[in-house]
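Encoded as structure tokens, the structure appears first; notes follow it.
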Amino acid sequence: MFRPLDDKGGKAVAIEIEGRSQIVPAASNLAAALLSAGFSPFRTTPAGAAPRQPYCMMGVCFDCLVEIDGLPNRQACLETVREGMHVRRQQGAAAIGEKGKAR
């Protein structure tokens, strides 16, 4: 369904998505990389646990919230992939404590 427009075999990095390793193009948008890898849904809503995925891809809608390296409420559409990044889907609302870590 999703594929890069420019697939010239450039550099790639390994990220971990829900505990499994995935090779993605270096410096790509995280939301686009997750969609290409078939990651779905990105999060569930606090009320009703409705599934959500990226909608606007520019940081306005917050439907692409994920947990990155243990930090919740990260907008995947505003993040760039990097080697060793750990991504998990976000279930409902994440409470934020000191230094941005989930409580």
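Please verify whether region 57-65 includes one or more residues that are within 10 Å of the chain's Cα centre (by Cα), more than 20 Å from ALA95 (Cβ to Cβ) and assigned to a strand (DSSP E or B).
No; the residues of region 57-65 include none that is within 10 Å of the chain's Cα centre (by Cα), more than 20 Å from ALA95 (Cβ to Cβ) and assigned to a strand (DSSP E or B).
How many of the residues making up region 41-58 are surrounded by 12 or more Cβ atoms within 10 Å (Cβ to Cβ) and in contact with a strand residue (DSSP E or B) (Cβ under 7 Å, 6 or more places away or on another chain)?
Number satisfying all stated conditions: 7.
Let me confirm something: among GLY84, GLY9, which residue is of a type outside the set (S, T, N, Q), at pLDDT 95 or above and assigned to a loop (DSSP other than H, G, I, E, B)?
Values: GLY9 fails: at pLDDT 95 or above.
Answer to the selection: GLY84.
For residues in region 87-103 being loosely packed, with under 15 Cβ neighbours inside 10 Å and assigned to a loop (DSSP other than H, G, I, E, B), which is modelled with the lowest pLDDT? Outline the logic, then answer.
The first filter runs over region 87-103 and keeps only residues loosely packed, with under 15 Cβ neighbours inside 10 Å, leaving 91-93, 95-103.
Still in the running and assigned to a loop (DSSP other than H, G, I, E, B): 92-93, 95, 97, 101, 103.
Values: GLY92: 87, ALA93: 84, ALA95: 73, GLY97: 62, LYS101: 52, ARG103: 43.
Applying the filter and picking the extreme gives ARG103.
The values are calculated or read from the model by the stated rules, or taken from the named source; none is laboratory data. Being a predicted model, the structure only gives us computed values, none of them experimental. Cβ: placed from backbone, ideal geometry, glycine included. Neighbour counts: every protein chain shown.
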